[in-house]
Amino acid sequence: MSWLTSTVLASPNVRRHWLGRIVIVMCLGQLCLAQELKVPASVTAGDETTISTTGSGKAIFYLSGPGVSSKTEISLGQDVHLRPGDLRNAGDYLAIVCSISCRSTAFYVKAGKPAYLTFLVHPSRVPVVQPDAVSGVVFPFDEFHNLVLETAIVSFRLSAGNLPVLSRSVRVQDGVAWLRTTSGKSAGKLQVVATLDSLSATRTVQQVASDPCNLRIKGQRTPKIVAVETEPVRDCSGNPVPDGTIVTFSVSGDGGKSTVDSPIKQGIARAQIQAPGSLVISAASGAVMGNELHVGAQP
Amino acid sequence: MKGKEVSNRRLGGPPKILTFVALLFVTGTVLRAADSSVGVQLDTRKTGPRVVESQTEQAILRDYRLAWASMAKALEFNTVDPLQGPFVGTARERLIGTVASQRRTGLSSHYGAQTHKLVAVFYAPEGDVMELHDTAEFQLQVMDGGKVVHEEHTIRHYIVLMTPGADRWIIRQLQAVPQF
Amino acid sequence: MKGILPILLLAGTVGLMVLALFASARSSGTVGIAAGSALPGLIPNALTPEQAVSNFLTEVQRRHWDRAYAGLSATSGVDEPSFVQDWTGSNGSLRTLSSLESFDVRPLHASDSVAQMRVHLVWTTPVGTVQDTRDLELAHEGDGWKVVWPTPQIPNTQGQVIPVTYLRWDLISGGSGDAWGTSNVDVPHVRIVSMNAIDSAEGSMVMGEVVNEDTIPAFVNVDATLVDGTGNPIDEESSFDKIAHVLLPKQVSPYRIDFPNFSLKNVKNVRMDVKATLVPASADPVIGVMNQKIDSAQGKSVLHGELLNQSGQTVNIPHVIASFYDNNGKVVWVADGYVDRALLPQSSESFAVEIPNSLAGKVQNFHVVVNQYSPGKS
C-alpha cells in the first residue's frame, strides 16, 4: 500500500474537504510514486520542447491548447517530447498526466519572429487635400499567424509617382502600429509602404479629384438645337474631374424646363437641347453650381 | 361513469408527452444558462485613435458574449457549427482544429461561469478593426469521455482582434498571453 | 322541402355566372349602358357611344383582337397589326408585361354622329398598378357606334451608327481566399443630403435626396426607422423603387419611404440608413427630360414632360422619379411613374406624375431623374 497525493478529483461530484484533498489509493502489487510535471519557462511557437515527468509506471499524457488536443500513453519518469507542429499556435497550454490520479501544469507559447505584416489602408479612393483622410494600420504576425507583441519599429513611406510624400517611424504597441495623414494635392496613385526589419507590405490609394470648382458652361444655338458644354471640369487644385462624373444641365424657357444628366467625357460634359425661344441654361454637379447662360431666341 | 373513464384515461394518459415537455424545458433552461452564464464588461475610456460609438459598444458586448458562449458550446459538444458566425480567420481555424482534435481523442472542454473584463486598447481610424484585452475568469474542466482529468477556476488574459462583419462584430484573433 | 335546396343552388349558380359575365368589365362610374338581354359570351350591339367603348374595351381586355379591331371605324386608318401592337406594346416595354385589369368610361360630349368619351384604364404590371386616361373619338356608322382609333405615332428614326464612347465600369470580385487587408476596394461614399417627414391620410412618409459623392457608380438603398419617445423602433421601411438605385458619380436621386397606417404623432425620431455597394454600370444611355411643366388637369396637379433618349440603345422600361421643392428648397414631395412604352434611340415619349392637391400650392421647383430597366443590361 502507498499513499498518493492527487491534485485533481476523478469525479466532479466528490465534495471538497481539506482531508478530501488527500486521496488514499491502494496500489496493488506495484510501487506507485507521485508524478510531477516540469515544463520549460518559455516556449516559442514552432519550437520543439520537452516536458519532463517523474514517477514510474504507465500514464496518459494530455496536451490541450489552441488548436491542439492530444492524448498519448507514456512511461512516467521519461521526457515527453513535443514536436514543433504541436506548439505552432501561441497561447495557453495545459499538460496533464494521469495515472491513478491526474496532475497538470500550464505553460504559455509566445509568438515567434515577425514573418509577415497585415496592412490595412483606407480608403481605397480619396479626394485630394483631405485632412487625416488616409490611414494605415499594421499588425505583425509570425509564420504561424500568431500576433507578435514584441516591441518593434514600423516605418511608413508614402510616395506619389516617384516623389516621396511622407516618411514616418512608429513603435509597435500591443501588436499594432498605425498612422494617419492628409491626402496629397495631385490626383493619381499614392503608394503606401510599411516596413518592419526586412518585411514590407505595399498598398495603393487612388487619389481622385475633389468636387468640381468654378464650373463654367458655354453654348450656342444652331438651326435645330442648342449645344451646351462645360469648360474642362477641374477641382480647386486643378485636377481634372474623372470621366463619368455627372453634370446636370437645366434649361428654362417658354416651353418649360428641360434637364439632361450628362457624364463628363474627356474632361468636358455636353448636352443638346431642343427648345425654342429665349433660354436660361445652368449646370450643376453634385452640390456644386455653375454659371448661368442666357441664349436668345432663334432669329 | 363516462366522465370517470375520460378522467381515468387522462390521468393514465401518455407520460411520454410530459417527459418530452420536461426535457424541452430542461434543455432550454440549460442553454439559456449556458448563454446567460457569460458575463461581459467593456471599458472604452482609453480607446484610440477612434472613439467607440455607443452603438458599437453595445454590439461588441453582445457579439463577444455570443462568441464565447458559442465557443464553449463547440468545445463541450465537439461541434463546429456554433463557430461559423462569431469567428473568422485564424481564430476560427484554431477552434475548428481544437474541435477536430478533441473528437479524435475523445476529449472535451467545459467553460463555465465565465466573466470577461474587456478593455478596448485600439480602434482603427476607419473603424474596421478593434483590439481588446480580455481578463477572463471561468471554470475550466477537461474531460476524457466522462472522466474529469482537469478542473480549475482560472483567470486568463487574451489579446482579441475583432472586425465588423455584415451584421455583427466577429473575432479574428484570440490569443492568450501571460499578462498584458 | 327537400327539393328546394338544389333549386336554390342552381339559381344562385346561374345568377353568379350572369353577374360575372356582365359585371367584370364595368365599374360603378359607367352610365347609359343598355341593360340588354344578351346570352352569356355575346356582346350586345353598340347602340350608344358608351356601349361601343365598353364593348371595345371588353374585347381588348379579353385580347380578342379581331373583334376589337372590328369595333373600329373605317376612318381609323390603322392596320390590325399596328393596332394590336399599340395595345400589347413592343421592344420589351412595360406594356408587354401588363394586362388590362379594368376600365371606366365617362361621356365628354355626344351628338347624333360623333361623340367623345374619356376612358380611365387600370393596368396590372410587374411594378404595380398603372393608370392611364385617354379620350376616344367615336363615329356613328350604320346602326351602331364605332371607335375612331388614332394612327399610332411610330418614331421615324433615321438609320445611323452612333459610337458609344461613354464610360463603363466593370467590377471584379476578390476571391474568398483573400488575406485580411489585401482586398482594398471601399464601398462607394454616398450621403443623404436632405430628409423631410410628413403625415398623410394613408400614413407617414420620409423623403429627401441622396448624392453619390464618390468617383465610381454606387447601388444605393435608403432605409428609415421610426423611433418613439423611449428610443424603441416603431417601424422600419425601405425606399424600394422610389429611388434611382444606380447612381453615377455626383448624381443626385430623390427617395421616398412610405409608412402606411403609421402616423408621425408618436414618432420622436427618424433614423436614416443609406447603404451603398459596388456595382458595374454604364454612363450610357443619356436621357434628357424635356418640356417639364406642372399643369392642372381633371382636378389634379400633374408634372408632365417628355423623355428624350439621346443614345443609340433602347430603354425598355423608363422610370421617372421627381422631387418637388418649396420656396426654401425643402423637398415637400417625391413622386414616381413608369412609362409603359419603350424609349427608342433618338426618340421621345411623354410622361406624367401626379402631385397631391394638398401640396401643389407649395411647389416652387422640381427636379426629375430618369431610372431605367433594361433586361440583361447593367
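Laboratory data are not the source of any read-out in this text; all were calculated from the coordinates shown. Everything quoted here is computed from the prediction, not taken from an experiment. Ideal geometry is used to build each Cβ from the backbone, glycine not excepted, and the neighbour counts take in all protein chains shown.
Among A:102, A:213, the ranking by other beta carbons within 10 Å of each residue's beta carbon, starting with the fewest, stands as A:213, A:102. Remark: spin-label model distance residue C:141-residue B:58 equals 7.1 nm, labels positioned 7 Å along the Cα→Cβ axis. Scanning residues 5 or more positions from residue A:52 or on other chains, those with amide H under 5 Å from its amide H are A:38, A:80, with H placed 1.01 Å from N in the peptide plane. Annotation: aspartates and glutamates with alpha-carbon distance below 15 angstrom to residue C:265 (same-chain offsets under eight excluded): C:199, C:202, C:228, C:235.
Inverting the pair-averaged 1/r between distinct Cα atoms of region A:168-210 gives 12.2 Å as its Kirkwood hydrodynamic radius. Here region A:245-272 is scanned for amide nitrogen atoms under 15 Å from the site 7 Å beyond the Cα of residue A:211 along Cα-to-Cβ, giving A:246-248. Mean residue ellipticity, 222 nm, helices only, chain C: the sum of -39500 (n - 2.57) across DSSP H runs of n ≥ 4, divided by residue count and rounded to 500, is -4000 deg cm²/dmol.
In terms of surrounding Cβ atoms within a 10 Å radius of their Cβ, A:176, C:84, B:149 rank from fewest to most as C:84, A:176, B:149.
Spin-label model, residue B:45 to residue C:161: label points 7 Å out along the Cα-to-beta-carbon direction sit 7.5 nm apart. Under a 10 Å cutoff between Cα atoms, tell me which one of C:51, C:251, C:298 has the largest fluctuation in the Gaussian network model of chain C. Taking springs between Cα atoms under 10 Å, the residue moving most is C:298. Projected label points at residue A:292 and residue C:114, each 7 Å from Cα along the beta carbon direction, are separated by 4.5 nanometres. Counting Cα-Cα pairs of region A:198-251 in 5 Å increments starting at 0 gives whole-percent bin shares of 4, 14, 20, 16, 11, 10, 7, 6, 4, 3, 2, 1, 1, 0.
For region A:165-277, state the semi-axes of the equivalent ellipsoid (square roots of 5 times the eigenvalues of the alpha-carbon gyration tensor), sorted largest first and rounded to whole angstrom.
Those come to 48, 12, 11 Å.
Hey, got the average number of other protein chain Cβ atoms within 10 angstrom for residues in C:289-295? Let's see the in-between values first.
On the way: counts 7, 10, 9, 8, 3, 2, 1.
The mean count of partner-chain Cβ atoms within 10 Å per residue comes to 6.
Name the most mobile residue of C:152, C:254, C:345, meaning the one with the largest mean-square fluctuation, in a Gaussian network model of chain C with Cα contacts below 10 Å. Of C:152, C:254, C:345, the most mobile in the Gaussian network model is C:152.
Eigen-decomposition of the gyration tensor built on the alpha-carbon atoms of chain C gives equivalent ellipsoid semi-axes of 45, 28, 22 angstrom, largest listed first.
Other residues with beta-carbon under 12 Å from the beta-carbon of residue A:191 carry, at +1 per Lys or Arg and -1 per Asp or Glu, a net charge of +3. For the listed peptides A:215-223, C:140-148, a ranking on the average number of other beta carbons within 10 Å per residue, highest first, reads C:140-148, A:215-223. The alpha-carbon atoms of the protein assembly as shown, seen along their principal axes, cover 129, 102, 49 angstrom, with the largest extent given first.
Whole number please: convex hull volume per residue of the Cα set in region A:212-295, in Å³? Can you show the working numbers first?
On the way: hull volume 6.3 nm³, N = 84.
It comes to 76 Å³ per residue, whole-number rounded.
Largest first, the three principal axis extents of the alpha carbons in region A:116-208 are 39, 22, 20 Å in whole numbers. Here, P(r) means the percent of Cα pairs in each 5 Å bin from 0 to the largest distance; for region C:303-378 it is 3, 15, 25, 19, 14, 11, 8, 4, 0.
Size check on chain A: the Cα extents along the three principal axes, sorted descending, read 125, 44, 29 Å.
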